[in-house]
Amino acid sequence: EKVFLLNAMKILAIADRPPRKKIKMILDKNPVELICTLGDLDQFSLEELKDMTNIPKLGVYGNHCSGMYFEPLGITNMHLKTFEFGGLVFGGFEGCVRYKNDPYAKLYTQEEAAELLKDFPRVDVMLVHCPPYGVNDEPKELAHQGYKALREYVEQKKPKYLLHGHTYPTVENIVKKFADTEIIYVFEDKLIDLQ
């Protein structure tokens, strides 16, 4: 006997590489209600989003992003912001751990991230580029180390979901649950049902 939750929401998440198919083709086959971009993308590969004005689009920039493509594509920048949609509250944090000196890249030291996230409210769905420390990351490699402050945030605030890109976990070692939070790793494109 199946129980259908009335408030299930289908979202399309995109991270690190352009979607494998045209976004319009994905949307034609799936009743997507929300599009989320998780960074390391560019305006050219997401150009189709410009004409999709009937679906909300949320995003965070990654460490390789120009930081300039959200506005022309109509994407709401979720870095340290919240957005309520369909009964769920979304929040976001951009970039990754600072591994080089580049004033234009979205990079934060562990201390800077902790300071920025310390008063961030609880959300249902956290959109991030870089995962929490110790979750689908490579702690010894600075560029792919997770944020310690995000780990604390997940432990303390317990969002229902955290979506991330940036790293390359393998099928054998991928973490899908941490504390009480469902961890969803996105590479290219992924259709996700949020309950």
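The values are calculated or read from the model by the stated rules, or taken from the named source; none is laboratory data. Small disclaimer: the values here were computed from a predicted structure and weren't measured. Here the Cβ is made from the backbone with ideal geometry for all residues, glycine too, and neighbour counts use every protein chain on show. Calculation scope for accessible area: heavy atoms of the full protein, side chains included, ligands and nucleic acids excluded. Shrake-Rupley method; radii C 1.70, N 1.55, O 1.52, S 1.80 Å.
Within the range 36-51, the set of residues being of a type outside the set (D, E, K, R), closer than 19 Å to Lys190 by Cβ and assigned to a loop (DSSP other than H, G, I, E, B) comprises Leu38, Gly39, Leu41. Within the range 148-195, the set of residues being out of contact with any strand residue (DSSP E or B) (no Cβ under 6 Å at 6 or more places or on another chain) and among the hydroxyl-bearing types (Ser, Thr, Tyr) comprises Tyr153, Thr167, Tyr168, Thr170, Tyr185.
Scan the range 54-76 residue by residue and report those that are within 25 Å of Leu142 (Cα to Cα) and in contact with a helix residue (DSSP H, G or I) (Cβ under 7 Å, 6 or more places away or on another chain). Correct list: Gly59 only. Of all residues in the range 68-77, at least one satisfies being open to solvent by 20 Å² or more (accessible area, probe 1.4 Å), small (Gly, Ala, Ser) and outside any strand (DSSP E or B).
Residue-wise test of (1) more than 23 Å from Lys160 (Cβ to Cβ); (2) hydroxyl-bearing (Ser, Thr, Tyr).
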position: Phe83; (1), (2): no, no
position: Arg98; (1), (2): yes, no
position: Tyr108; (1), (2): yes, yes
position: Ala114; (1), (2): no, no
position: Ala143; (1), (2): yes, no
position: Gly146; (1), (2): no, no
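Looking only at the range 94-102, decide whether some residue is aromatic (Phe, Trp, Tyr) and within 16 Å of the chain's Cα centre (by Cα). The answer is no; no qualifying residue exists. If you check Lys50, Lys10, Lys24 for being under 19 Å from Ile183 (Cβ atoms) and open to solvent by 10 Å² or more (accessible area, probe 1.4 Å), only one passes: Lys10. Contact map, the range 57-80: residues that are free of Cβ contacts under 8 Å to residues at least 60 places away in the same chain paired with residues that are open to solvent by 60 Å² or more (accessible area, probe 1.4 Å) and not acidic (Asp, Glu), Cβ distance under 6 Å, separation 6+ or inter-chain. Pairs shown: Tyr69/Gln43; Leu73/Lys50. Strands (runs of 3 or more DSSP E) fully within the range 117-195 that include at least 1 residues being touching a residue at least 24 places away in the same chain (Cβ under 8 Å), under 20 Å from Gly91 (Cβ atoms) and open to solvent by 50 Å² or more (accessible area, probe 1.4 Å): 188-194.
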